[in-house]
1. Within the stretch 50-68, work out how many residues are in contact with an Asp or Glu (Cβ under 7 Å, 6 or more places away or on another chain) and either over 23 Å from LEU175 (Cα atoms) or of a type in the set (S, T, N, Q) (or both).
2. Quick one: ASP148 ticks every box in (1) outside any helix (DSSP H, G or I); (2) touching a strand residue (DSSP E or B) at 6+ places or on another chain (Cβ under 6 Å); (3) of a type in the set (D, E, K, R) bar one, so which box is it?
3. Considering only the stretch 135-151, how many residues are without any contact (Cβ under 8 Å) to a residue 24 or more places away in the chain and hydroxyl-bearing (Ser, Thr, Tyr)?
4. Does any residue in the stretch 41-69 that is more than 15 Å from LYS110 (Cα to Cα) come within less than 6 Å, Cβ to Cβ, of a residue that is surrounded by fewer than 21 Cβ atoms within 10 Å (Cβ to Cβ) and modelled with pLDDT under 90 six or more places away or on a different chain, and which pairs are these?
5. Are there any pairs, at least 6 apart or on different chains, whose C-beta atoms fall under 8 Å, with the first in the stretch 113-134 and closer than 19 Å to PHE67 by Cβ and the second acidic (Asp, Glu) and at pLDDT 95 or above, and if so, which?
6. What are the residues in the stretch 43-92 that are assigned to a loop (DSSP other than H, G, I, E, B), of a type in the set (S, T, N, Q) and modelled with pLDDT of 90 or more, if any?
7. Have a look at ALA130, ALA164 and point out the one that is assigned to a helix (DSSP H, G or I) and on the phi < 0 side of the Ramachandran plot.
Amino acid sequence: MSEQPLAFHGTTILSVRKGKAVAIGGDGQVSMGNTIVKANARKVRRLGSGEVIGGFAGATADALTLFDRLETKLEQHRGQLARACVELAKDWRTDRYLRRLDAMMLVADKDVTLLLAGTGDVLEPESGIAGIGSGGSYALAAARALIDGDLDAEAIVRKSMEIAADICVFTNRNLTIETLKGS
């Protein structure tokens, strides 16, 4: 019986939209098997002219390739996030090279939050809350429990990510959180 090569694993990305703000947060842990390889990876960033924020789960090089492609699509479609994401998803699903990329993305602008997957899915979460990665479901559950309280979007992301780090061994507390506030 041959052993599978160790794969990079583990990430938690959470997006919360509340009031006129949206926040996306991600932890910094990158693991290979049972070993933490890096504790301060930056998996959340601003895209394009800073009007879009995004986070990724999956293979880092693949996700960075997708972020680059999304930025190109945002330029082509004059910052229209939904249209840029649909066009990226079409390419991702049909292009032979892109089909092999192993990542998921959460992206948001002042109006919409979208989850993108290599299956061609572009999904807008109903509740304004979405989580991806190995700890994504833990962070999502925590955010749903906190959404009706007094905390703002960024504080909900921070608290939910801390809860996920308590549960998921592939999630740490080295957080990157980006927030957009609407008018």
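The values are calculated or read from the model by the stated rules, or taken from the named source; none is laboratory data. Treat the numbers as computed from the prediction; the structure is a model and nothing was measured. In this analysis, Cβ positions are derived from the backbone assuming ideal geometry, glycine residues included, and neighbour counts consider all displayed protein chains.
1. Of the stretch 50-68, the ones in contact with an Asp or Glu (Cβ under 7 Å, 6 or more places away or on another chain) are 51-53, 58-59, 62.
Within this subset, residues satisfying the condition of being either over 23 Å from LEU175 (Cα atoms) or of a type in the set (S, T, N, Q) (or both) are none.
Qualifying residue count for the region: 0.
2. (2)
3. 1
4. Qualifying pairs under 6 Å: ALA41/VAL30; GLY58/ASP102; ALA59/ASP102; ASP62/LEU101; ASP62/ASP102.
5. Partner pairs satisfying both residue conditions: THR113/GLU124; LEU114/GLU124; LEU115/GLU124.
6. Within the stretch 43-92, the subset assigned to a loop (DSSP other than H, G, I, E, B) is 43, 48-51, 59, 77-80.
Filter again for of a type in the set (S, T, N, Q), leaving 49, 80.
Within the stretch 43-92, GLN80 is the sole residue that qualifies.
7. Working: ALA130 fails: assigned to a helix (DSSP H, G or I).
Among ALA130, ALA164, only ALA164 is assigned to a helix (DSSP H, G or I) and on the phi < 0 side of the Ramachandran plot.
Each row is one residue, and each column tells you yes or no for (1) within 24 Å of LEU151 (Cβ to Cβ); (2) small (Gly, Ala, Ser).
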{"site": "ARG17", "(1), (2)": "yes, no"}
{"site": "ASP27", "(1), (2)": "yes, no"}
{"site": "GLY54", "(1), (2)": "yes, yes"}
{"site": "GLU75", "(1), (2)": "no, no"}
{"site": "LEU115", "(1), (2)": "yes, no"}
